[in-house]
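Read the structure below first, then the notes.
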Amino acid sequence: MSTNDTPPEEPNVPEEPLNKGTAPVAEEPEQTGRQRLAAGLWPPRVSRAQLIVALLLFVLGLGLAIQVRSTSDSSALRGARQEDLVRILDELDGRTKRLEEEKQRLEDQRKELESSSNQAEEARKQTVEKERQLGILAGTVAAQGPGITLKITDPKGLVRSDQLLDTLQELRAAGAEAIQINGVRVVAGSYFSDESGGVGIDGTKITQPYEFKVIGKPQDLEPALNIPGGVVQTLEKEQANVLVTRPAKIVVDALRAAKQPDYARSSS
């Protein structure tokens, strides 16, 4: 036998299982689709980011649900019928119309009150002004304004009451509005009389020098006294001295008591 001869190969004999002699393992039953879905969802396997997003979505959904519920509960028209909605709309239109009418009425009253107030105020101002004017003419209130002074010195006592009256009339014709002579207020009803050593005005005796305070336009008053043959020349013929001046302001402050008429009454 040669040494290079290889031993013959042994025939392949199947190996015995190691668990030979033990009980066979039972196969698991096949799972249904629902079971596999449940097994895949639980226990949940979520990341931290997914958990935060889910929490935010939950809070947002809860807020929306609360808002919708609050709006639905507070709406008085929820579930109202169409005819009820029409009736409510008509009532609102009627209320709006009444409020507009009330607003217009109040506006008219305000305008009327303002107009009445303005008219009343204007009437009051006119009354006060008229009273002031009548008071000046009647001599019951003091007056001031431009004008002249006229001083007549009569050393020989030759000036009579009629000459002073002529002087007064000349001044009135020239536009004199208020006149005072030696502290006596001269008005429309004043009268002059001759008195021993002087002249009487409305029963009050005055003596020379006779001083006139006259309110009016100086440019008209002074020329009226100095016309040829006028007051100044007439008085100078009686050897009286006449001095006319134009002060910046004339004050006529002599007053007369208001006289109540015995028979005359206002016709208005």
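What pairs can you find where one residue is in segment 245-268 and in contact (Cβ under 8 Å) with a residue 60 or more places away in the chain and within 13 Å of LYS213 (Cβ to Cβ), the other is basic (Lys, Arg) and open to solvent by less than 70 Å² (accessible area, probe 1.4 Å), and their Cβ atoms are less than 8 Å apart, with a gap of 6+ or different chains?
Pairs that qualify, where the first residue is in contact (Cβ under 8 Å) with a residue 60 or more places away in the chain and within 13 Å of LYS213 (Cβ to Cβ) and the partner is basic (Lys, Arg) and open to solvent by less than 70 Å² (accessible area, probe 1.4 Å), are VAL252/ARG185; ALA254/ARG185.
Could you list, in sequence order, the residues of segment 234-250 that are within 19 Å of ARG172 (Cβ to Cβ) and either open to solvent by 50 Å² or more (accessible area, probe 1.4 Å) or not hydrophobic (A, V, I, L, M, F, W, C) (or both)? Before you say what the answer is, go through the steps one by one.
To start, the set of residues in segment 234-250 that are within 19 Å of ARG172 (Cβ to Cβ) comprises 234-235, 242, 244, 246, 250.
Within segment 234-250, THR234, ARG246 meet the criteria.
Residue-wise test of (1) in contact with a strand residue (DSSP E or B) (Cβ under 7 Å, 6 or more places away or on another chain); (2) assigned to a strand (DSSP E or B); (3) of a type in the set (S, T, N, Q).
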| site | (1), (2), (3) |
| --- | --- |
| GLY229 | no, no, no |
| THR234 | no, no, yes |
| PRO247 | yes, no, no |
| ALA257 | no, no, no |
| ASP262 | no, no, no |
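Is it the case that PRO209 is at pLDDT 95 or above and either open to solvent by 40 Å² or more (accessible area, probe 1.4 Å) or in contact with a helix residue (DSSP H, G or I) (Cβ under 9 Å, 6 or more places away or on another chain) (or both)?
Numbers: at pLDDT 95 or above: yes; either open to solvent by 40 Å² or more (accessible area, probe 1.4 Å) or in contact with a helix residue (DSSP H, G or I) (Cβ under 9 Å, 6 or more places away or on another chain) (or both): yes.
The answer is yes for PRO209.
Output the residue which, of all residues in segment 147-184 that are in contact (Cβ under 8 Å) with a residue 40 or more places away in the chain, assigned to a helix (DSSP H, G or I) and not hydrophobic (A, V, I, L, M, F, W, C), is farthest from PRO218 (Cα to Cα).
Taking the candidates together, the pick is GLN163.
Considering only residues that are open to solvent by less than 70 Å² (accessible area, probe 1.4 Å) and free of Cβ contacts under 8 Å to residues at least 60 places away in the same chain, look in segment 118-146 and name the one that is nearest to the chain's Cα centre (by Cα).
Within segment 118-146, the first condition is being open to solvent by less than 70 Å² (accessible area, probe 1.4 Å), and the residues that meet it are 120, 123, 135-136, 138-143, 145.
Pick out the ones that are also free of Cβ contacts under 8 Å to residues at least 60 places away in the same chain and you get 120, 123, 135-136.
On the way: ALA120: 19, ALA123: 22, GLY135: 36, ILE136: 37 Å.
Taking the candidates together, the pick is ALA120.
Looking at (1) under 13 Å from THR167 (Cα atoms); (2) outside any loop (DSSP other than H, G, I, E, B); (3) hydrophobic (A, V, I, L, M, F, W, C), can you tell me which one VAL251 breaks?
Of everything listed in (1) under 13 Å from THR167 (Cα atoms); (2) outside any loop (DSSP other than H, G, I, E, B); (3) hydrophobic (A, V, I, L, M, F, W, C), VAL251 misses just condition (1).
Give the residue that is surrounded by the fewest Cβ atoms within 10 Å (Cβ to Cβ), with candidates limited to residues of segment 213-233 that are within 18 Å of LEU158 (Cα to Cα) and touching a residue at least 60 places away in the same chain (Cβ under 8 Å).
Once the filter is applied, the top-ranked residue is GLY230.
The values are calculated or read from the model by the stated rules, or taken from the named source; none is laboratory data. As the structure is a computational prediction, the values presented were derived from the model and not from experiment. Every residue, glycine as well, gets a Cβ built from its backbone with ideal geometry; the counts of neighbours run over all protein chains shown. Protein only, heavy atoms only, side chains kept; ligands, DNA and RNA dropped before computing areas. Shrake-Rupley method; radii C 1.70, N 1.55, O 1.52, S 1.80 Å.
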